[in-house]
Amino acid sequence: MEAWSPTETVPELPDGECQVWWAVPAEARGWHAALLAPDELQRRERLLRPADRHRMTVAYALARLVLGAHLGTDPEGIRFERTCLHCAGPHGKPQITGSEVRFSLSHSGDRVAFAVTRGVEVGVDVEELRPTLDLDALADTVLAEKEASELAGMATDGKLRAFLTYWTRKEAVLKATGEGLQIPLNALTVTGPDAPPQLAAWIGRPGTPARFELHDLTPGDGYLAALAALDRPVGHVREYAGSTLLA
């Protein structure tokens, strides 16, 4: 992760680059609530656990602080459009109407990730390495046949990391398209943990894998994360700590 000192502003975002900003829920501050839109505040209040509310607060505060810097505008005034591709409901991939800036949010456990580019649809996913995850119960819905076979041949102590490698790479792809979990994860085949990240196949969409560029990210111990870019490469992926912005 690149060093980012308190005296620096948010680095410029040139074409062909993606910034990934990291934060933790404990960095939530009272003033962050002013950065959330009314509907987001309502959703936050419906969350029962304080940790979940902090996670959501930090995610949207970080997103608006970074976007405000790149757009040259007040973060509090940024509003997201969330029209679903399938039903036109207000729960699709967030966008800013009329802007070339594209972005994606993800959070799991003690990690919040925000990826942002110019003119490139991106998706980011982070997952906590939870030993309690029931891989047998999830395998049929998450893994393609080739992936399930590969996982079955792995040593037990490496299966969780391998499984979540498949998972994060697929989720990143589906977040980039804006389809999310409306597409079954087992319709996609990605490379495994010992291979460079790549979308290898998509059932019913034979030409789609060539449209994607995948990157593994560095979320820190106990987590895995991946980034997907659609149709245009982001040759430079730079990761930053968002703690100074949030403070």
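The values are calculated or read from the model by the stated rules, or taken from the named source; none is laboratory data. Model, not experiment: these values are computed from the prediction. So basically every Cβ, Gly included, is an ideal-geometry build from the backbone, and we count neighbours across all protein chains shown.
For (1) buried (at least 21 other Cβ atoms within 10 Å of the Cβ); (2) at pLDDT below 95; (3) closer than 18 Å to ALA200 by Cα, each residue gets a yes or a no:
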{"residue": "LYS93", "(1), (2), (3)": "yes, yes, no"}
{"residue": "SER106", "(1), (2), (3)": "yes, no, no"}
{"residue": "LEU143", "(1), (2), (3)": "yes, no, yes"}
{"residue": "ALA148", "(1), (2), (3)": "no, no, yes"}
{"residue": "GLY153", "(1), (2), (3)": "no, yes, no"}
{"residue": "PHE163", "(1), (2), (3)": "yes, no, yes"}
{"residue": "GLU171", "(1), (2), (3)": "yes, no, yes"}
{"residue": "LYS175", "(1), (2), (3)": "yes, no, yes"}
{"residue": "GLY178", "(1), (2), (3)": "no, yes, no"}
Checklist entry - Considering the stretch 107-144 alone, what residues qualify as being more than 21 Å from the chain's Cα centre (by Cα), in contact (Cβ under 8 Å) with a residue 12 or more places away in the chain and assigned to a helix (DSSP H, G or I)? => result LEU135, ALA139, ASP140
Checklist entry - What pairs can you find where one residue is in the stretch 229-247 and in contact (Cβ under 8 Å) with a residue 60 or more places away in the chain, the other is basic (Lys, Arg) and in a loop (DSSP other than H, G, I, E, B), and their Cβ atoms are less than 7 Å apart, with a gap of 6+ or different chains? => result LEU246/ARG29
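Rundown of residues vs (1) of a type in the set (Lys, Arg); (2) part of a strand (DSSP E or B); (3) under 16 Å from the mean Cα position of the chain (by Cα); (4) farther than 15 Å from PHE114 by Cβ, yes/no style:
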position	(1), (2), (3), (4)
ALA200	no, yes, no, yes
ALA210	no, no, no, yes
ASP221	no, no, no, yes
TYR240	no, yes, yes, no
Item to check | Failed condition for ASP39, given (1) assigned to a helix (DSSP H, G or I); (2) under 22 Å from TYR240 (Cα atoms) | outcome: (2)
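Only one of these is outside the structural domain of CYS18 (by TED's automatic domain parsing) and touching a Lys or Arg at 6+ places or on another chain (Cβ under 9 Å): THR141, THR191, THR168, THR156. Name it. First the steps, then the outcome.
Working: THR141 fails: touching a Lys or Arg at 6+ places or on another chain (Cβ under 9 Å); THR168 fails: touching a Lys or Arg at 6+ places or on another chain (Cβ under 9 Å); THR156 fails: touching a Lys or Arg at 6+ places or on another chain (Cβ under 9 Å).
Answer to the selection: THR191.
Confirm whether GLU40 is in contact (Cβ under 8 Å) with a residue 12 or more places away in the chain and farther than 30 Å from HIS236 by Cα.
On the way: in contact (Cβ under 8 Å) with a residue 12 or more places away in the chain: yes; farther than 30 Å from HIS236 by Cα: yes.
Yes: the conditions hold for GLU40.
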